[in-house]
Structures are given as structure tokens and as C-alpha cells.
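Asks: For reference, the structure I am asking about is given below.
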Amino acid sequence: MKTKLLIILSAIVLAGCAGNTIEESNKLEPVKIGVLVPLSGGASAYGEEMMMVLNHKNQMLETPAELYFEDSKCEAGAAVTAFQKLVDINGVDAILGGFCSSETLAIEPLLAQNDIVALSATSSSPEIEGKSKNLLTIGYSDVVIADTMAADIMDSDKIAIITEQNDYNVALKNSLEERLGDKIIANESFEKNATDMRNIIEKVKASNPEVLILNPNVGDTSINLLNQLAESQEFFENVKLVSQETYVADDSRSQAPELAESMTLFAAPSLDSQEVTSFIESLPSSVDTLGVFYSATASDALENLVRSVNDSRINQTSVQEELFTKPLTGLSSNGKSFDGNNFLQGIEAGKYVVTDGKAVLQ
Amino acid sequence: MEFFLQIIANSLVLGTQVLFLALSLYLIKAVSKIEHVALGAIATACGYGFYQGLLIGSNVMALLFSLVVAFTFGYLSFLLLEKFYKNKEPLLGLIVSLSMGLLIEAMIAIVFKSSSKSLIEGILPIVDVMGVKFTLPGVYTLAIGFVLALAAFVLVNKTPIGRTLRSVSENSSLVSSLGINQLKIRKSVYIISSVIAGIVGVLAAMNTSLTPNMGFNLTITAFIALFVGGSSDIKGTIVASFLLSLIPEFLINYAPSSFEFTNSYRMFFVFALALIILSFKPRGIFSKNIRQS
């Protein structure tokens with residue numbers, strides 16, 4: 001009897017020790033986060049600023065994570081290659097990204113195969129909703145933008161759209177088509193990274209619209225499009241110009257300031273809490289291109305990913321379970337949750353009007 | 001009507017850009033039988049040379065830089081491709097030229113990064129001709145292109161220089177026996193062709209923006225124009241350059257909206273046109289049927 005009791009006690013002590021050892025070793029082992037950001041190509045300015053924000057935020061964490069940055073170029077193919085490297089070679093615990101929706105949608109089929117979670121801070125294509133539970137985004141859905149934009153221009157019966165052909169912009173265009181229907185009298189698109197949009201602009205002019213929705217992706221294409229529209233300044237100054245996130249950054253409009261004046265933009269909400277302001281001010285350089293909202297979501301994505309990976313180790317749960325079941329923390333996501341969706345719930349669009357060269361929240 | 005004329009005007013500028021490269025390809029093909037497809041990348045490199053010159057100094061410096069780039073790559077092309085002409089291996093020459101083009105583009109992307117650069121900041125100056133608007137670089141493109149096409153046509157068809165150019169590749173031993181330095185001719189043609197490509201590189205970049213792979217689509221269209229026009233017929237090359245630019249634009253802009261043809265269809269139409277024309281006229285649009293015995 002004594003021997004049995006001794007064996008049971010020893011087993012309990014050993015199990016306890018082993019448990020402590022696992023817990024301690026897990027706590028000691030830093031979380032590895034793979035980050036997909038565009039570090040080359042037209043959207044590289046966004047990626048570089050996001051990299052700076054994440055490195056800064058990482059140093060603020062109680063236990064900094066190991067960050068592995070890979071250039072996803074805002075392209076599906078490059079994102080898949082970068083993802084494979086992060087998973088197979090770097091052995092990361094979770095992915096922060098993709099940055100562009102095309103990247104995020106491209107890596108989605110690989111997430112379940114590799115049993116890994118991706119949390120995007122910026123992707124907004126509505127196609128993300130309903131995808132694998134391994135894919136989450138704390139940016140807002142373009143459905144939110146489409147709803148707000150459509151409500152604002154619904155009074156007009158002559159609406160034209162110019163769209164760049166990539167996942168993010170096409171998804172927004174589709175959402176707008178559903179809402180605006182026959183009010184759209186010209187619906188033009190151009191291939192990704194096109195440089196000459198003049199014939200498309202002529203086609204739009206021939207339709208004589210009252211409202212023109214500009215729907216290019218971030219980067220050089222959006223600057224080219226606005227410059228080429230400005231070549232017909234006398235025509236377009238009588239047309240209401242409407243756009244999305246792309247033209248919120250002041251740099252994107254700086255070459256055609258007269259045309260861009262009074263442009264209406266529907267994008268991420270403005271964050272002006274003291275906490276957000278302090279964080280932005282503490283950054284080593286400005287985030288003029290990425291903007292305050294996405295700097296905050298990038299910071300939140302890292303904070304919540306690291307916490308979820310750590311909690312999943314302690315609680316012996318999965319990372320997605322941690323993300324799905326607990327409210328998030330951070331600057332823009334604080335107290336919000338996914339509620340079983342792929343998009344974080346409770347984010348509303350902001351309406352901006354370009355005034356004196358600045359995008360001013362209404 | 002204004003819309004129609006504006007589409008023609010814009011397409012003519014695009015067609016002239018293709019023409020520059022097609023003429024460069026034609027000249028090199030005439031003296032060495034090699035399709036030097038790296039000319040598109042050389043055009044891009046000259047554009048970047050101009051950009052670098054602008055960063056360092058003035059317009060004169062920019063012009064000088066782009067000329068140096070054109071001369072260097074022209075001479076380098078000659079050194080690389082000459083032996084394939086001598087060995088009568090034009091296909092290998094094409095592959096080497098393609099590799100050279102890809103290498104130049106990769107080098108540009110590494111040095112200058114892949115984001116686009118503007119040679120003219122802000123909105124381009126506009127020239128209004130009876131309601132039809134041209135950008136200033138577009139006007140330069142059309143004017144230089146017209147002079148170049150005319151000069152090339154007269155030079156090749158109406159002067160002894162043209163006959164010499166053609167005979168260099170057709171009967172090199174006879175040309176040598178006449179005391180003509182064919183090596184010097186080929187070297188000059190490579191350099192002149194690179195300069196012509198360089199001009200379009202700078203003008204196209206001024207009209208839109210500069211990216212490492214901007215020469216690629218132009219080269220593809222110019223390459224097809226060379227064959228659609230008939231690779232030994234300069235008149236055909238000139239006409240094909242414009243046809244392959246104008247017809248796709250009209251199909252995109254005038255097809256019923258139910259077809260939903262977008263700009264992405266441009267290359268599809270270029271290839272479809274080439275396929276149709278070459279099926280009926282394999283030796284080029286102006287070729288005559290030859291009775292075979």
C-alpha cells in the first residue's frame with residue numbers, strides 16, 4: 001500500500017514538474033511571427049512604414065516576438081512564395097498578413113494545410129468573409145465602404161467607375177455594382193500596373209457622368225490615373241470625384257492638387273484617442289502613407305497574435321480558438337471581437353473630403 | 001466625333017512608340033538576320049539613364065546619359081550577337097538577345113527599385129489641335145516618329161545605303177569583294193538602332209511613367225509588327241505597327257458593352273490579329289503570292 005502511495009505521489013510530483021517545465025519552456029521560447037509586406041513595387045512605401053511600426057511595437061511588448069519579414073510585393077504569386085519560406089524555413093508560429101487582399105486570398109488555401117493562422121491588419125476584400133477559420137482580418141470589409149459610398153452618391157443617376165483589375169478593387173467594384181445597379185453608366189477597368197489610361201478616360205468622358213468613382217489600388221497607378229484625369233481638368237472639375245482608401249494619403253494626390261480638391265473619400269475611420277496619438281508620436285518616423293488607422297491595426301495585429309500564440313501554448317488550445325473566443329486588445333481593436341466572422345466586427349467607414357490638400361474627416 | 005478622334009490620336013501615339021522599336025528591329029534584322037528583342041529593355045535603360053541625368057543635373061546631362069546608355073548597349077549587343085550572325089545561328093541569337101533583355105530589366109529593378117519614376121512631375125503640358133488633345137511628349141513622339149519613318153523608308157528603298165544594308169546579310173561575300181566594310185556597317189546599325197530605341201524609351205516614359213518592364217509590351221507588339229509587316233518590307237513594318245495599335249483600341253472602345261472588352265484585351269487582340277494576318281499572308285501584309293514550281 002505504501003509503495004503504491006509512493007508511486008502515485010511520485011507520479012503526481014513528476015507530472016507537476018513536467019507541466020512546469022513545458023510551461024516554462026513555452027514562456028521562454030519567443031513567438032515567431034512571419035510578416036508579409038510589400039517591400040518592393042508600387043506599394044512598397046506602405047510596406048516599409050508597416051515594417052517600421054511593427055518593429056517599434058514589438059519592442060513595446062512584454063516579451064518581444066521574433067519577426068520575419070518577407071516581401072509579398074502586393075502580388076498573389078510573390079505572397080505564396082514568401083509564405084512557404086516563412087512556414088518551411090523560418091518555422092513561424094503565425095502569419096501577420098497579407099497586406100493586399102490579393103496576397104491574403106492567395107495564401108488562404110495554404111493556411112489549413114499548414115495548420116497556421118494568418119491575421120491581416122489591412123486586407124479588406126469582402127471575399128475574405130466565409131473563408132477558412134485560419135484567416136482573419138482586423139481591417140474593415142469593403143462592404144462597409146461600398147455601403148457608405150453608395151448611400152452618399154445614390155442621388156445621382158449618372159455614375160462612372162474606373163477600376164484597376166486586382167482582387168481588392170474588383171471586389172469593391174462588385175459591391176458597388178450590386179448597390180448602384182443601373183445608375184452606373186460607364187464601368188471601365190484597366191490591367192494591374194497599367195501606365196496609360198487615357199483611352200479609358202475618354203470613354204468615361206463620353207458617358208458624361210455626374211459622379212466618377214476612382215478605384216485604383218495603392219501605389220504608382222493611382223498617381224498616374226489622377227495625373228491623366230487632370231489633363232482633362234476642365235471636364236472633371238464639374239464631376240464629383242469619389243474614391244476609397246487609395247487617395248487618403250496626401251502624397252497620392254500631391255501631383256494633381258487642383259483636381260483632387262473636394263474629392264470625397266470613404267476609408268478607414270479616424271482614430272483620435274490619446275492612446276493612439278501617443279503611439280503615433282512615439283514612432284521613429286512618420287506614417288504619412290500608411291496612415292493612423294492602419295498603423296493602429298498593424299500594432300494590434302502583432303499584439304493579439306503574440307498574445308494568442310502564448311495563450312494557446314499555456315492553455316493547450318489553438319491560436320484561432322484564442323483569437324475567436326476572446327475580445328481583442330489594442331488601439332483600434334480594443335474590446336472588439338470576431339464573433340465567428342473573418343472580419344473584426346464593429347468598424348465603421350469614415351468619410352473624408354479633400355480640403356486645402358488634406359483629407360479631412362467629416 | 002470628338003471621342004473617335006481622341007481615340008485615334010491616343011492610339012497613334014501608342015502606334016508610333018511601337019513603330020520606333022519595330023524599325024530598330026527591322027534594321028538589325030536587315031543586316032544580321034537576328035531579331036534583337038532586347039531593344040525594348042535597352043529603350044527602358046535609356047529612359048532610366050535620362051532619369052538619372054535629370055537627378056544629377058540638367059536636361060542636357062539627361063540627354064547625354066541616355067545617349068551613353070544607348071551607345072554602350074548598342075555596342076554590347078553587336079559584340080554579343082555578331083558571332084551568331086557569322087555562325088548563321090539566328091535562333092541562338094534571338095535567345096541570347098532575350099536573355100540580355102531580361103538581364104537589363106532585372107538590373108534596372110535592382111538599382112532603381114520597381115516603383116515607377118516620373119520624368120515630368122505632375123500634369124503633362126497639353127496641346128489642343130481642334131479639340132483633340134495631345135500631351136507634349138505625345139506630340140514629340142508623333143513628330144519624330146513621322147520623320148523617322150519617312151527617313152527610314154527613303155533610306156532603305158531609294159538610296160544606295162539601303163541596298164548596301166540589305167546586301168550585307170543577303171550576300172556578305174559579294175559585299176566584301178566590293179570593298180565594303182560590312183563589320184563597320186553592322187556595328188553602326190546596332191548603335192543607331194539602340195539610339196532609336198532609346199528615343200522611344202525616353203518619350204514613352206515622359207508620356208506615362210518609367211518602370212523596369214515598360215519596354216516589354218512594346219517589344220512584343222513591335223516584334224509581331226515586324227513579322228506581320230514582312231520582315232524584309234519596311235513599308236509593311238510601318239503599316240503593321242499602326243494596325244496592331246489602332247485595331248485593338250477600336251475593338252476595346254467600340255465593341256458592344258455586352259462584350260465587356262477592357263484594356264486587358266489589348267494583347268489578346270494583337271495576337272489574334274497576327275494569327276489571322278499571318279495565316280493568310282505569311283510573308284507579310286504587302287507580300288505577293290509566289291507561284292511555286
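The values are calculated or read from the model by the stated rules, or taken from the named source; none is laboratory data. Just so it is clear, the structure is predicted and the values come from calculations on it, not from any experiment. Glycine also receives a Cβ, built like all others from the backbone with ideal geometry; neighbour counts cover every protein chain displayed.
Asks: Could we say that residue B:187 is within 20 Å of residue B:16 (Cα to Cα), surrounded by fewer than 23 Cβ atoms within 10 Å (Cβ to Cβ) and in contact (Cβ under 8 Å) with a residue 24 or more places away in the chain here?
Replies: So residue B:187 does not fit the description; no.
Asks: When you go through B:19, B:14, B:5 one by one, which is the residue that is away from chain A (no Cβ under 12 Å) and not charged (D, E, K, R)?
Replies: B:19
Asks: Can you pull out the residues in the stretch A:92-117 that are assigned to a helix (DSSP H, G or I) and buried (at least 24 other Cβ atoms within 10 Å of the Cβ)?
Replies: The answer is A:101, A:102, A:103, A:104, A:107.
Asks: May I pose another question? Only residues that are modelled with pLDDT under 90, in contact with a Leu (Cβ under 9 Å, 6 or more places away or on another chain) and of a type in the set (S, T, N, Q): list them for the stretch A:247-282, please.
Replies: If the condition is that a residue be modelled with pLDDT under 90, in contact with a Leu (Cβ under 9 Å, 6 or more places away or on another chain) and of a type in the set (S, T, N, Q), then A:252, A:255, A:270, A:273 are the ones that fit.
Asks: Within the bounds of the stretch A:328-348, is there any residue that is out of contact with any Lys or Arg (no Cβ under 9 Å at 6 or more places or on another chain), within 30 Å of residue A:209 (Cα to Cα) and outside any helix (DSSP H, G or I)?
Replies: yes
Asks: Moving on. Quick check: anything in the stretch A:201-210 more than 16 Å from residue B:252 (Cα to Cα), away from chain B (no Cβ under 13 Å) and crowded, with 19+ Cβ neighbours inside 10 Å?
Replies: Yes: one or more hits.
Asks: Also, I was wondering about something else. Looking at the stretch B:224-269, which of its residues are β-branched (Val, Ile, Thr), part of a helix (DSSP H, G or I) and within 14 Å of chain A (Cβ to nearest Cβ)?
Replies: Matches in the stretch B:224-269: B:247, B:252.
Asks: Looking only at the stretch A:68-91, count how many residues are surrounded by fewer than 24 Cβ atoms within 10 Å (Cβ to Cβ) and either in contact (Cβ under 8 Å) with a residue 60 or more places away in the chain or assigned to a loop (DSSP other than H, G, I, E, B) (or both).
Replies: 4
Asks: For the stretch B:48-59, indicate whether the set of residues that are outside any helix (DSSP H, G or I) and not hydroxyl-bearing (Ser, Thr, Tyr) is non-empty.
Replies: Yes, the stretch B:48-59 has at least one match.
Asks: Please determine, by comparing only the residues of the stretch B:65-94 that are surrounded by fewer than 20 Cβ atoms within 10 Å (Cβ to Cβ) and among the polar types (S, T, N, Q), which one is nearest to the chain's Cα centre (by Cα).
Replies: So the residue we want is B:72.
Asks: Does residue A:43 meet the test of being in contact with a Gly (Cβ under 7 Å, 6 or more places away or on another chain) and either aliphatic (A, V, I, L, M) or under 11 Å from residue A:97 (Cα atoms) (or both)?
Replies: Yes: the conditions hold for residue A:43.
Asks: List the number of the failed condition for residue B:4; all other conditions in (1) of a type in the set (Phe, Trp, Tyr); (2) within 30 Å of residue A:207 (Cα to Cα); (3) under 18 Å from the mean Cα position of the chain (by Cα) hold.
Replies: Unmet condition: (3).
Asks: A follow-up question, please. Residue under question is residue B:97, and the condition is that it be buried (at least 19 other Cβ atoms within 10 Å of the Cβ), in contact (Cβ under 8 Å) with a residue 24 or more places away in the chain and at the interface with chain A (Cβ under 9 Å from one of its Cβ atoms); does it hold?
Replies: Against the criterion (buried (at least 19 other Cβ atoms within 10 Å of the Cβ), in contact (Cβ under 8 Å) with a residue 24 or more places away in the chain and at the interface with chain A (Cβ under 9 Å from one of its Cβ atoms)), residue B:97 does not qualify.
Asks: Further question on the same structure: State all residues of the stretch A:316-335 that are over 24 Å from residue A:281 (Cα atoms), surrounded by fewer than 21 Cβ atoms within 10 Å (Cβ to Cβ) and of a type outside the set (S, T, N, Q); if no residue qualifies, say none.
Replies: Passing the criteria: A:321, A:324, A:326, A:327.
Asks: Filter the stretch A:179-192 down to residues that are over 14 Å from residue B:258 (Cα atoms) and either within 9 Å of chain B (Cβ to nearest Cβ) or under 23 Å from the mean Cα position of the chain (by Cα) (or both), then give me how many there are.
Replies: Residues flagged as over 14 Å from residue B:258 (Cα atoms) and either within 9 Å of chain B (Cβ to nearest Cβ) or under 23 Å from the mean Cα position of the chain (by Cα) (or both) within the stretch A:179-192 amount to 4.
Asks: Do we have residue A:262 as in a loop (DSSP other than H, G, I, E, B), away from every other protein chain (no Cβ under 11 Å), out of contact with any His (no Cβ under 6 Å at 6 or more places or on another chain) and within 30 Å of residue B:127 (Cα to Cα) here?
Replies: Spelling it out, residue A:262 is indeed in a loop (DSSP other than H, G, I, E, B), away from every other protein chain (no Cβ under 11 Å), out of contact with any His (no Cβ under 6 Å at 6 or more places or on another chain) and within 30 Å of residue B:127 (Cα to Cα).
Asks: Select from the stretch A:221-248 the residues that are within 14 Å of chain B (Cβ to nearest Cβ) and of a type outside the set (S, T, N, Q) and list them in ascending order.
Replies: A:223, A:225, A:226, A:229, A:230, A:231, A:234, A:235, A:236, A:237
Asks: Out of B:144, B:110, which single residue is part of a helix (DSSP H, G or I) and either in contact with a Lys or Arg (Cβ under 7 Å, 6 or more places away or on another chain) or within 14 Å of another protein chain (Cβ to nearest Cβ) (or both)?
Replies: Residue meeting the stated conditions: B:110.
Asks: Still on this structure: Inside the stretch B:113-135, can you point out the residues that are hydrophobic (A, V, I, L, M, F, W, C), more than 7 Å from every other protein chain (Cβ to nearest Cβ), touching a Leu at 6+ places or on another chain (Cβ under 8 Å) and not in a loop (DSSP other than H, G, I, E, B)?
Replies: Scanning the stretch B:113-135 gives B:127, B:132, B:134.
Asks: State yes or no: is residue A:144 under 20 Å from residue A:297 (Cβ atoms), more than 14 Å from chain B (Cβ to nearest Cβ) and either surrounded by fewer than 24 Cβ atoms within 10 Å (Cβ to Cβ) or aliphatic (A, V, I, L, M) (or both)?
Replies: Answer is yes for this residue.
Asks: Does residue B:62 fit the bill of being modelled with pLDDT under 95, assigned to a helix (DSSP H, G or I), buried (at least 19 other Cβ atoms within 10 Å of the Cβ) and touching a Phe, Trp or Tyr at 6+ places or on another chain (Cβ under 6 Å)?
Replies: yes
Asks: Check A:157, A:152 and return the single one that is under 19 Å from residue A:268 (Cβ atoms), more than 10 Å from every other protein chain (Cβ to nearest Cβ) and surrounded by fewer than 19 Cβ atoms within 10 Å (Cβ to Cβ).
Replies: That would be A:152, the only listed residue that is under 19 Å from residue A:268 (Cβ atoms), more than 10 Å from every other protein chain (Cβ to nearest Cβ) and surrounded by fewer than 19 Cβ atoms within 10 Å (Cβ to Cβ).
Asks: Now, a different point. If residue A:252 satisfies all but one of (1) surrounded by fewer than 23 Cβ atoms within 10 Å (Cβ to Cβ); (2) within 14 Å of chain B (Cβ to nearest Cβ), what's the number of the condition it fails?
Replies: Looking at each condition in turn, residue A:252 falls short on (1).
Asks: Next up: Can you confirm whether residue A:218 is closer than 23 Å to residue A:261 by Cα, more than 9 Å from chain B (Cβ to nearest Cβ) and in contact with a Pro (Cβ under 8 Å, 6 or more places away or on another chain)?
Replies: When the stated conditions are applied, residue A:218 does not pass them.
Asks: Considering only residues that are more than 14 Å from every other protein chain (Cβ to nearest Cβ) and either within 14 Å of residue A:294 (Cα to Cα) or part of a loop (DSSP other than H, G, I, E, B) (or both), which ones fall in the stretch A:36-48?
Replies: A:37
To keep it simple, each residue is scored yes or no on (1) in a helix (DSSP H, G or I); (2) aliphatic (A, V, I, L, M); (3) within 14 Å of chain A (Cβ to nearest Cβ).
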| site | (1), (2), (3) |
| --- | --- |
| B:180 | no, yes, no |
| B:194 | yes, no, no |
| B:197 | yes, yes, no |
| B:206 | yes, yes, yes |
| B:212 | no, no, yes |
| B:216 | yes, no, yes |
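Asks: Given the conditions (1) of a type in the set (A, V, I, L, M, F, W, C); (2) free of Cβ contacts under 8 Å to residues at least 40 places away in the same chain; (3) under 30 Å from residue B:35 (Cβ atoms), report the number of the one that residue B:109 does not fulfil.
Replies: Among (1) of a type in the set (A, V, I, L, M, F, W, C); (2) free of Cβ contacts under 8 Å to residues at least 40 places away in the same chain; (3) under 30 Å from residue B:35 (Cβ atoms), residue B:109 violates only (2).
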